1. Would you mind getting the Kirkwood hydrodynamic radius of the range 96-230 from its Cα pairs, rounded to one decimal in Å?
2. Full-extension gain between Ala197 and Asn336, please, as 0.36 nm times their residue separation minus the C-alpha to C-alpha distance.
3. What ranking, highest mean first, results for peptides 88-98, 173-183 when packing means the other Cβ atoms within 10 Å averaged over each residue?
4. Order of 108-118, 123-133, 282-292 by packing, highest average Cβ count within 10 Å first?
5. Please compute, for the alpha-carbon atoms of the range 299-352, the extent along each of the three principal axes and give them in descending order in Å.
6. What is the ratio of the Cα radius of gyration of the range 76-315 to 2.2 N^0.38 Å, with N the residue count, to two decimals?
7. I need Thr267, Thr83 ordered by Cβ neighbour count within 10 Å, fewest first.
8. Separation between the Ala323 and Gln189 pseudo-spin-labels, each 7 Å from Cα along Cα→Cβ, expressed in nm?
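Here, each number is a calculation from the coordinates, and none is a lab measurement. All values derive from a computational prediction rather than experimental measurement. Here the Cβ positions follow ideal geometry from the backbone for every residue, glycine too, while neighbour counts run over all protein chains shown.
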Amino acid sequence: MLGSDTCGFRRRERITSGPPPRFGSGWWSLESHNGGEAGSDFSKRRARLRAGLVKDDRLSNRERGAAQDVGDMASKVWFITGTSKGFGRIWAEAALGRGDQVAATARNVNTLAPLIESYGERIAAIPLDVTDKAAVHAAVSEAHERFRRLDVVINNAGYGLFGAIEEVSESEAREQIETNLFGALWVTQAALPIMRAQRSGHIIQVSSIGGVNAFPTIGLYHASKWALEGFSQSLAAEVAGFGIKVTLVEPSGFATEWSGPSAKRATHLPAYDSARAVVESFRSSYMPGDPEATGPAILKVVDAVEPPLRIFFGGVGLPMMRAEYAKRIETWEEWNQVSVEAQGNLAQRKAR
């Protein structure tokens, strides 16, 4: 079990019983967490920092750390796509269950009725198809108007397209990229002006072990996730100066509907049946992860002072990618002479 200060997150200490209170009525106060420092001037500056009205660099290191502690312990506002089931639903429930506010989107908001019944005004159920750019901007604006800020944005909406490269039709390929890649792009673009104004925020992109590795008969899904990984790493460097964090969550296999009812499948060509058999053999021998266990895990990522750019969810990712990168490095080293030869000597050629 991780300790209270492991991986950069701080434990939330409850000192009262009952439902989760707002900050100041049962959580550690700023003063107690900051060695007893008090004073209205600092409180005002802290509040202005949280509202995005002053830059972090105007505070001392001690003040900056204390203000971060307040941000960790105060109620957060989440915007999550694809909350009808799976990870999106579990993470929305985890956030709501501890007292946070959630703008939950789904194609069919009727699926969110149990959450509305349980959590009332703390959830905004917003219908959304992430492939509709105008609707995405409207949904993000609605969430911001409702809750006045956005602390966590999770791009979770997506699906798997099963089919060998030759089998996938043009429409199937375009729909996969439109949802998994452009949907995440539109949400990210809509949220960034709000987060820049706040000078804070955390964008979480749901990638996959298939965003850093690739397997037969699911190539277009891999393409969508590898592209998501690329633009998100660039994004992280672009927005770091605004106090915005970016994390790529890379789940391995979990017991969700991803490869079942939620998936789409291209028309099979018999030539690729053997490739499918290899993949199915691996899947049949693999014990999937428990999706419910990802709820506490995502809270740790969200509450981290310095969250990771990438994190595997599940125990398979790290050993798999250690082996994969060892093979890649071996190949690159084996062919490095040709790589260097391809560099050429432009200065020498121009001097002739």
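1. Final number for the Kirkwood radius of the range 96-230 is 16.0 Å.
2. Using 0.36 nm per residue and subtracting the Cα-Cα distance, I get 45.4 nm.
3. 88-98, 173-183
4. 123-133, 108-118, 282-292
5. 62, 26, 9
6. Here the Cα radius of gyration is 1.00 times the empirical estimate.
7. Thr267, Thr83
8. 4.0
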